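Working notes, beginning with the structure itself.
The values are calculated or read from the model by the stated rules, or taken from the named source; none is laboratory data. Since this is a predicted model, take the numbers as computed values, not measurements. For neighbour counting, all protein chains shown are included, and Cβ atoms are generated from backbone atoms with ideal geometry for every residue, glycine included.
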Amino acid sequence: MAEKSNQTYSPVALWLAWKRIFAFARPYLLRLVLGLVFTAFSSGVWLLIPLGLRSLLDSVFEQGDRQQLDLLALGMLVLFVLQSLLHVGSHYWISWVGERVVTDLRKKVYAHLHLLGLRFYADHRLGELMSRLTNDVGAIRNAATGAISQVLMTGIMTVGSVAAMVALNWRLSLVVFAAAPVAAVGTRYFGQRIRELSRTVQDRLGDTTAIAEEALSAVRVVKAFAREVFEVNRFGKANEDLFRTSRYRVIMEAVFSACIAFLFMLALVVIFWYGGTEVLAGRLSAGDLVAFIFYAMNISRSVMGISRLYASLNSAVGASEHIFELLETRPEIADGEGAFPLADVRGAVAFEDVWFGYQSARPVIKGVSFETLPGQTIALVGASGAGKTTLMNLIPRFYDATSGVVRVDGVDVRDVQIVSLREQIALVSQDVDLFGTSIGENIRYGRLDAADEEVEQAARDANAHDFIVELPDGYGALVGEKGVKLSGGQRQRVAIARALLRDARILLLDEATSSLDSASEAQVQQALERLMAGRTTFIIAHRLSTVQHADCILVLDQGEIAQCGTHEALFDRGGLYRELCDLQFRNMEIGKDKAI
């Protein structure tokens, strides 16, 4: 996405981006209008204050009326209190809507991320996506609602102040009006550069977040290779790039604000000089001059507020491009029109001339066809890269076949609702993904409405109950991020308990025991046998001893089925399966000799 960093935005593009952001505020229009009403009245009251100052100077002081002074001071106090209360109401409701918009947008982005398929995640860095979810969403907080409030307040203050200045002295008003075109040119010049830098800042922030997330998620590897200094330096370089870009943007914003401030201060000096000569000549009262200066300062503050809003909107546009680019990414895997729920699943799976490739020109699965009966165990064997995991991923529609059909109980998986399909499938893989909650909650993830007794029974069936109750907090013990507080065998048994609780008709086992020691493997294998009972099971295992009792073994070679049959039939037949067996058994013998 960084290639768009130098993109510029026309006022029309800025307006369209703001409209898309504001769409998220429409459900809260009543509260927003209430906040704007408070803003309008607060601005109106503020416009009355210079008139009070004029009366104080021109009437009270000249006449020396103490009673009128007291009444005027009390009136001014009431105005200040009223304006403050109105400002509180304005700020509360506008901020409420702004925070609500951010909450809804963040939820929508997060929900959309869950709709996107595995191919999308293979093409994007997780840290970059996290930056979209947090940094970019936060950057548009003020754009959705603060812009409206700022524009309304500025409009009222500007129109009211201009009308009052013209009524007080139209010649002095020309000084302020002369500064407006210069301010407009400066806003356009600096605004374009601030927009470019704002987009670059968001890109750099995404890169920094991605580097941090990658290193911290692989902290074990970092420490194993003693690469702490390398990772700190890598993060530091990205962080310094972010700092430099942010510094350039801050400098540009500061120069812009300073130029606008200088322009209006120069105008005020001219007003002081020319207005003072008018007062000395008796053509303007001191009260009129003070009120005029106050209104001129209102316009100055309004223009400064607009300049800050302009910078804020520029930042928001860069962030919103990232957000809406993500939201407009269509899920590759989605329910088709007329999709229906898959019910009463028996577990028959069939592949009919299935082809698939992560890249269209390089197929990974080539014309695979087979059929299983409900309750059968199907083993997938072959060398690394033969397509075993890819083939398994087509069953729950993690990917769609390029051509051919995958069926469950005779139904094309593309014709059924994805959720209903995946509810009938349980997955246990080599790299177990556990959440940083309790063991009990990780098991209950298989079926969220499961009672505590059902969770415990699943743990017993998975040979996990004994080690769980030995922990200080039992089923309430926290497992740490990705289950780091548990051993490999313990994590596998928790994953099996989760799959048992799901009670799905189709089971996918992807190297579920390959990384375990012999003692852990025996316990896990017992649990797997309970899990596989009565279920259609697909097994991927490099240890061929694990798949010897499968009803059918599919031998894959470069994405094609080279052989299929039982262990005995394939072994006797010779060919690739026999070669894999001989190679593995020979390696086992070498290992034994080395151990001796």
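Name the single residue that is nearest to the chain's Cα centre (by Cα) among those in segment 65-116 being among the charged types (D, E, K, R) and within 30 Å of L326 (Cβ to Cβ).
Filtering segment 65-116 for residues that are among the charged types (D, E, K, R) and within 30 Å of L326 (Cβ to Cβ), the one nearest to the chain's Cα centre (by Cα) comes out as R106.
For segment 241-262, enumerate the residues that are crowded, with 18+ Cβ neighbours inside 10 Å and aliphatic (A, V, I, L, M).
L242, M252, I260
If I filter segment 116-127 for residues that are closer than 28 Å to S217 by Cα, among the basic types (K, R), touching a helix residue (DSSP H, G or I) at 6+ places or on another chain (Cβ under 7 Å) and in a loop (DSSP other than H, G, I, E, B), do I get at least one hit?
Yes: one or more hits.
Given the conditions (1) surrounded by 14 or more Cβ atoms within 10 Å (Cβ to Cβ); (2) of a type outside the set (A, V, I, L, M, F, W, C); (3) at pLDDT 85 or above, report the number of the one that D136 does not fulfil.
In the conditions (1) surrounded by 14 or more Cβ atoms within 10 Å (Cβ to Cβ); (2) of a type outside the set (A, V, I, L, M, F, W, C); (3) at pLDDT 85 or above, D136 misses (3) alone.
For the structure I just gave you, tell me whether L51 is part of a helix (DSSP H, G or I), without any contact (Cβ under 8 Å) to a residue 12 or more places away in the chain, surrounded by fewer than 19 Cβ atoms within 10 Å (Cβ to Cβ) and in the same structural domain as A164 (by TED's automatic domain parsing).
It is false that L51 is part of a helix (DSSP H, G or I), without any contact (Cβ under 8 Å) to a residue 12 or more places away in the chain, surrounded by fewer than 19 Cβ atoms within 10 Å (Cβ to Cβ) and in the same structural domain as A164 (by TED's automatic domain parsing).
Does V405 meet the test of being of a type in the set (A, V, I, L, M, F, W, C) and crowded, with 20+ Cβ neighbours inside 10 Å?
Against the criterion (of a type in the set (A, V, I, L, M, F, W, C) and crowded, with 20+ Cβ neighbours inside 10 Å), V405 does not qualify.
Which numbered condition trips up N442, out of (1) part of a helix (DSSP H, G or I); (2) without any contact (Cβ under 8 Å) to a residue 12 or more places away in the chain; (3) under 25 Å from the mean Cα position of the chain (by Cα)?
Tallying (1) part of a helix (DSSP H, G or I); (2) without any contact (Cβ under 8 Å) to a residue 12 or more places away in the chain; (3) under 25 Å from the mean Cα position of the chain (by Cα), N442 fails exactly one: (2).
Is there a residue being closer than 30 Å to G575 by Cα, in contact (Cβ under 8 Å) with a residue 40 or more places away in the chain and touching a Lys or Arg at 6+ places or on another chain (Cβ under 7 Å) anywhere in segment 378-394?
Among the residues of segment 378-394, at least one is closer than 30 Å to G575 by Cα, in contact (Cβ under 8 Å) with a residue 40 or more places away in the chain and touching a Lys or Arg at 6+ places or on another chain (Cβ under 7 Å), which makes the answer yes.
For segment 464-512, how many residues are in contact with a Gly (Cβ under 9 Å, 6 or more places away or on another chain), within 30 Å of V349 (Cα to Cα) and in a loop (DSSP other than H, G, I, E, B)?
Going through segment 464-512 one residue at a time, the tally reaches 3.
Look through segment 260-298, keep the residues that are of a type in the set (V, I, T) and at pLDDT 80 or above, and return whichever of them is farthest from V182 (Cα to Cα).
Checking each candidate, the answer is V279.
Scan segment 336-388 residue by residue and report those that are of a type in the set (S, T, Y), under 15 Å from I561 (Cα atoms) and modelled with pLDDT of 90 or more.
S369, T372 - these are the residues of segment 336-388 that are of a type in the set (S, T, Y), under 15 Å from I561 (Cα atoms) and modelled with pLDDT of 90 or more.
If you scan segment 445-463, which residues turn out to be outside any helix (DSSP H, G or I) and touching a residue at least 60 places away in the same chain (Cβ under 8 Å)?
A462, N463
When the residues of segment 524-549 are narrowed to those that are hydrophobic (A, V, I, L, M, F, W, C) and part of a loop (DSSP other than H, G, I, E, B), which ends up modelled with the lowest pLDDT?
Only one residue tops the list, namely A541.
Mind listing just one residue for me: the one in segment 90-105 that is of a type outside the set (V, I, T), buried (at least 17 other Cβ atoms within 10 Å of the Cβ) and modelled with pLDDT of 85 or more and, of those, nearest to V137 (Cα to Cα)?
Only one residue tops the list, namely L105.
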